[in-house]
Amino acid sequence: MNKNIKKRVLFTGANGFPFGSAVIQRQIQMAKALMNADFKILVINKNGSHSKNIAERENIVVQGNYHGIDYIYCSLLSYRPDNFIVRNLVKKIGSIIEFFTIFYYRIFKNATHIFNNSINLKTLKYYYTLSKIFKMELVYDYVEIIGSLGNRDKKELEEVKHDFDYQFLNYSDKIIAISNYLENHVKSIDPNKEMIKIPPIIDFSYFGDIKPKYEDVSYFLFCGSAVYMDVVNFIIDAFIHSKSQDNDYHLKLVINGSHEQLNNLREFITEKKCQDNIEVLTKLPYDDLISYYKSARALLIPVSNNVQDNARFPFKICEYTASKRPIITSDSGAITEYFIDGENAFIAKTDDCSSLTNKLNLVIDQPALSNKVGFNGNELGQRVFNFKSYSSNFKELLNK
């Protein structure tokens with residue numbers, strides 16, 4: 001094999017590229033960092049996860065390129081069919097074609113590494129087995145204590161009983177950890193495991209050309225998943241008790257979830273009698289989402305003092321810093337490693353609704369300070385959340 005040919009990395013384990021969740025955005029940004037380190041990339045979607053309407057709106061095709069990143073849908077459909085029989089048929093087709101795609105890129109396209117982010121141990125074992133068959137290395141992107149998902153009441157790791165977080169290292173050659181918490185957890189199990197820490201990263205240049213949605217509308221914005229409904233309800237309560245409604249401030253909630261979850265949220269807002277001041281948005285095109293970020297008075301992302309939030313590092317943090325708007329968050333997990341209250345973010349006390357309300361009021365009362373904090377947050381982000389800052393780390397990890 002010609003050693004001058006660029007090495008190629010195959011991303012596996014998630015479907016829906018290049019639109020949607022923080023998982024997909026994480027793939028995009030790591031792919032950009034790897035390309036910046038002179039690797040070639042292919043994102044493999046075993047099957048589609050979006051509706052046909054979303055796939056058409058976002059121009060998601062069976063085989064395409066997004067921002068220089070090649071991707072493929074092995075199911076031969078870039079969307080999730082509504083018909084049950086067709087859906088299961090294309091899943092089987094996707095599994096078969098995926099196997100031969102990995103084989104082809106290993107033999108003919110110098111694919112050397114499989115990146116995986118599956119939260120299912122059986123699935124991870126499958127990709128690890130493939131990596132051994134094809135003499136590749138599997139790099140696992142560790143972004144959550146998997147056992148904490150759905151257990152947001154757990155405060156200590158010892159309370160979380162889940163095989164994945166203690167066995168996944170057996171099926172990974174190298175690890176990318178998103179936070180110090182996860183890095184320390186890996187070291188406690190296998191101190192010799194090859195690993196780097198990569199926080200949430202973003203392409204700051206992409207945000208520059210997108211204009212703010214509004215010039216003269218005052219609102220706070222939270223973007224997240226309906227999985228974190230406890231956080232959404234917490235934000236709504238803080239908003240209601242703040243000066244917001246008296247000062248014509250609104251709250252925009254960009255929430256992705258099921259129809260049932262979104263209906264329950266709207267019912268909760270109606271029960272609180274604040275439907276005139278709170279708007280629920282969902283499945284926005286990415287450029288529209290950024291435009292909403294850039295015209296918000298502040299961007300909200302409170303975190304809790306539990307295992308899940310202490311371990312994870314929300315991707316929205318780096319997006320928020322790229323928007324140059326002030327962030328209102330909490331003193332938990334990775335936040336205090338990077339941010340200083342009143343300097344580059346507004347940091348409320350964890351799980352304290354009145355403290356979050358006070359930060360909302362501070363933004364309302366001191367717009368000049370808020371703008372300065374947003375600018376400082378952007379400067380911080382340019383240093384520590386810029387994808388280009390980690391290309392050398394990826395290159396060192398993969399070339400070892």
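Listed conditions (1) assigned to a helix (DSSP H, G or I); (2) more than 24 Å from residue 291 (Cα to Cα); (3) of a type in the set (Val, Ile, Thr) are all met by residue 196, apart from (1). Put simply, of 131, 118, 172 the only residue that is under 30 Å from residue 400 (Cα atoms), at pLDDT 95 or above, polar (S, T, N, Q) and out of contact with any strand residue (DSSP E or B) (no Cβ under 6 Å at 6 or more places or on another chain) is 118.
Quick one: in region 34-57, of everything that is in contact with a strand residue (DSSP E or B) (Cβ under 9 Å, 6 or more places away or on another chain) and part of a helix (DSSP H, G or I), which residue is farthest from residue 179 (Cα to Cα)?
Taking region 34-57 first, the residues in contact with a strand residue (DSSP E or B) (Cβ under 9 Å, 6 or more places away or on another chain) are 34-35, 39-48.
Retained after the next criterion (residues that are part of a helix (DSSP H, G or I)): 34-35.
Working: 34: 19, 35: 23 Å.
It comes out as 35.
Applying the condition of being among the β-branched types (Val, Ile, Thr) and open to solvent by less than 40 Å² (accessible area, probe 1.4 Å) to region 72-124 and asking which residue is farthest from residue 134 (Cα to Cα) yields 90.
Just the residues that are open to solvent by less than 10 Å² (accessible area, probe 1.4 Å), part of a loop (DSSP other than H, G, I, E, B) and among the aliphatic types (A, V, I, L, M), please, taken from region 199-237. Residue satisfying the conditions is 201 alone.
Pick from 385, 375, 346: which is of a type in the set (A, V, I, L, M, F, W, C) and open to solvent by 10 Å² or more (accessible area, probe 1.4 Å)?
Working: 385 fails: open to solvent by 10 Å² or more (accessible area, probe 1.4 Å); 346 fails: open to solvent by 10 Å² or more (accessible area, probe 1.4 Å).
The unique qualifying residue is 375.
Applying the criterion of at least 2 residues that are hydrophobic (A, V, I, L, M, F, W, C) and closer than 25 Å to residue 212 by Cα to the helices (runs of 4 or more DSSP H) found wholly in region 281-400 leaves 286-295, 316-322, 353-365, 367-384. The condition of being of a type outside the set (Val, Ile, Thr) and modelled with pLDDT of 95 or more holds for only one of 283, 324, that being 324.
For region 64-83, the set of residues classified as assigned to a strand (DSSP E or B) and touching a Ser or Thr at 6+ places or on another chain (Cβ under 9 Å) consists of 64, 72, listed by residue number. For the residues 192, 180, the requirement of being open to solvent by 70 Å² or more (accessible area, probe 1.4 Å) and either touching a strand residue (DSSP E or B) at 6+ places or on another chain (Cβ under 7 Å) or among the polar types (S, T, N, Q) (or both) singles out 192.
Checking the structure you have, find out if any residue of region 168-175 is part of a loop (DSSP other than H, G, I, E, B), touching a residue at least 12 places away in the same chain (Cβ under 8 Å) and not acidic (Asp, Glu). Steps first, please.
Keep residues of region 168-175 that are part of a loop (DSSP other than H, G, I, E, B), which gives 172-173.
Filter again for touching a residue at least 12 places away in the same chain (Cβ under 8 Å), leaving 172-173.
With not acidic (Asp, Glu) added as a condition, the list becomes 172.
Within region 168-175 (the criterion being part of a loop (DSSP other than H, G, I, E, B), touching a residue at least 12 places away in the same chain (Cβ under 8 Å) and not acidic (Asp, Glu)), the answer is yes, since at least one residue qualifies.
Scanning region 145-162 turns up no residue that is of a type in the set (Asp, Glu) and modelled with pLDDT of 95 or more.
Conditions tested, residue by residue: (1) farther than 30 Å from residue 41 by Cα; (2) surrounded by 20 or more Cβ atoms within 10 Å (Cβ to Cβ); (3) at pLDDT 95 or above.
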residue	(1), (2), (3)
355	yes, no, yes
368	yes, no, yes
380	no, no, yes
398	no, yes, yes
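For residue 240, the criteria (1) at pLDDT 95 or above; (2) aliphatic (A, V, I, L, M); (3) touching a strand residue (DSSP E or B) at 6+ places or on another chain (Cβ under 7 Å); (4) surrounded by fewer than 20 Cβ atoms within 10 Å (Cβ to Cβ) hold in every case but one, which is (3).
Matching residues to (1) modelled with pLDDT under 95; (2) in contact with a helix residue (DSSP H, G or I) (Cβ under 8 Å, 6 or more places away or on another chain); (3) open to solvent by 20 Å² or more (accessible area, probe 1.4 Å):
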{"site": "34", "(1), (2), (3)": "no, yes, no"}
{"site": "37", "(1), (2), (3)": "no, yes, no"}
{"site": "40", "(1), (2), (3)": "no, no, yes"}
{"site": "44", "(1), (2), (3)": "no, yes, no"}
{"site": "48", "(1), (2), (3)": "no, yes, no"}
{"site": "55", "(1), (2), (3)": "no, no, no"}
{"site": "60", "(1), (2), (3)": "no, yes, no"}
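Among the residues of region 246-255, just one is more than 17 Å from residue 291 (Cα to Cα) and open to solvent by less than 70 Å² (accessible area, probe 1.4 Å), namely 249.
The values are calculated or read from the model by the stated rules, or taken from the named source; none is laboratory data. Just so it is clear, the model here is predicted, and its values are computed rather than measured. Counting neighbours? That spans all protein chains shown, and the Cβs are built from the backbone with ideal geometry, glycine included. Note: areas computed on protein heavy atoms with side chains; ligands, DNA, RNA excluded. Shrake-Rupley method; radii C 1.70, N 1.55, O 1.52, S 1.80 Å.
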